[in-house]
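S.K.: Here you go, one structure.
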């Protein structure tokens, strides 16, 4: 059995000073190094597991994404990262169009604003829109090595300060949860919220990630217990249902895939049952990430955005 190390705070102190350069910045290398150290516990393993859970891999831009970004008005936000680096991080933000309908987009984990290229292009084709999207801290082109939901929320709030209150808010995966959290903190009720394959429970998502590496359950509990030490709340605190406080008249569309392996349908089903006023649609078999390129989903999203103009 993999035993926890002696100091329960070590997980979140070790990785802060852990030197991660060159090839070890890649998630595949982190995973390989974890497997080498298992099953014996060590400060180094704690540090690697923190990297594994909070490191968002950065995927290079494709040609169509580069072309879209070239058309954007690029800017920067600044957020303070109290959780990992203890420094101010520059967050890259992009704006397309200058219409009257302001739309904010928040990407998911290990993603970036440009991953919404098909959606942004379709929205721009409707005219009279201003589309704003950012690369969250530690993701895409923005600064930071490690990231979490709270940094996403800070970036969203900074975007509101820069561009003003959005009429439409769109989010994918972790970004969908971040949107709901940020809107609640800012007390903003947009005309339309669109959540695409939203994450429902982060604790269970972390557990699934560690299960994939055959991390002992007792050791998983020890690691997750450190959330309260570092973030002030336990990992179980981060659920979409906890943040959701909109009334039955709120205009919310939730697009999902009932075969989604990243955001399990069992959790989503319970959330939808608790909030029956949400408009939902299942794009069965399209996939957690590939849904962003689904012509059917994009058409439905654009129709929902256009509908609130009248």
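Throughout, read-outs are computed from the coordinates displayed, never taken from laboratory work. Since the structure is predicted, the reported quantities are computational estimates derived from the model, not experimental observations. When we count neighbours, we look across all protein chains shown, and the Cβ atoms used for this are built from the backbone with ideal geometry, even at glycine.
S.K.: What is the fewest-to-most order of 290, 222 by other Cβ atoms lying within 10 Å of their Cβ?
M.R.: 290, 222
S.K.: Can you tell me the length gained on complete extension of the stretch residue 302 to residue 284, counting 0.36 nm per residue apart and subtracting the Cα distance?
M.R.: Length gained between residue 302 and residue 284: 4.5 nm.
S.K.: Counting only DSSP beta bridges with both residues in region 18-132, what percent are antiparallel, rounded to the nearest 5?
M.R.: Antiparallel bridges make up about 75 percent of those DSSP assigns within region 18-132.
S.K.: For the chain, modelled as a Gaussian network with Cα springs under 10 Å, which listed residue fluctuates most, 282, 115, 135?
M.R.: Looking only at 282, 115, 135, the largest GNM fluctuation is found for 282.
S.K.: Work out, step by step, the length gained on full extension between residue 66 and residue 249: first 0.36 nm times the residue separation, then minus their alpha carbon distance; give nm to one decimal.
M.R.: 62.0 nm
S.K.: Which FRET efficiency value, to the nearest 0.05, is calculated for residue 98 and residue 59 with the Förster distance at 41 angstrom and r the Cβ-Cβ distance?
M.R.: 0.90
S.K.: Taking only Cα atoms and a 10 Å spring cutoff, compute GNM fluctuations for the chain and point out the largest among 213, 268, 49.
M.R.: Top of the fluctuation ranking is 213.
S.K.: Compute the separation of the alpha-carbon centres of region 251-280 and region 130-144 and state it in Å as a whole number.
M.R.: Each part's Cα centre sits 26 Å from the other's.
S.K.: As a test, work out the antiparallel percent of DSSP beta bridges whose residues both lie in the chain, rounded to the nearest 5.
M.R.: Beta bridges within the chain, antiparallel portion: roughly 40 percent.
S.K.: Could you work out how much longer the chain between residue 76 and residue 269 gets when fully extended? Use 0.36 nm per residue separation minus the Cα distance between them, nm to one decimal.
M.R.: Extra length from residue 76 to residue 269 when fully extended: 65.7 nm.
S.K.: Given the options 233, 189, 286, state which has the largest fluctuation in a GNM of the chain using a 10 Å cut-off (strictly under) for Cα springs.
M.R.: So, out of 233, 189, 286, the one fluctuating most is 233.
S.K.: Quick check: the distance between the Cα centres of region 64-81 and region 210-245, to the nearest angstrom?
M.R.: So the two Cα centres are separated by 32 Å.
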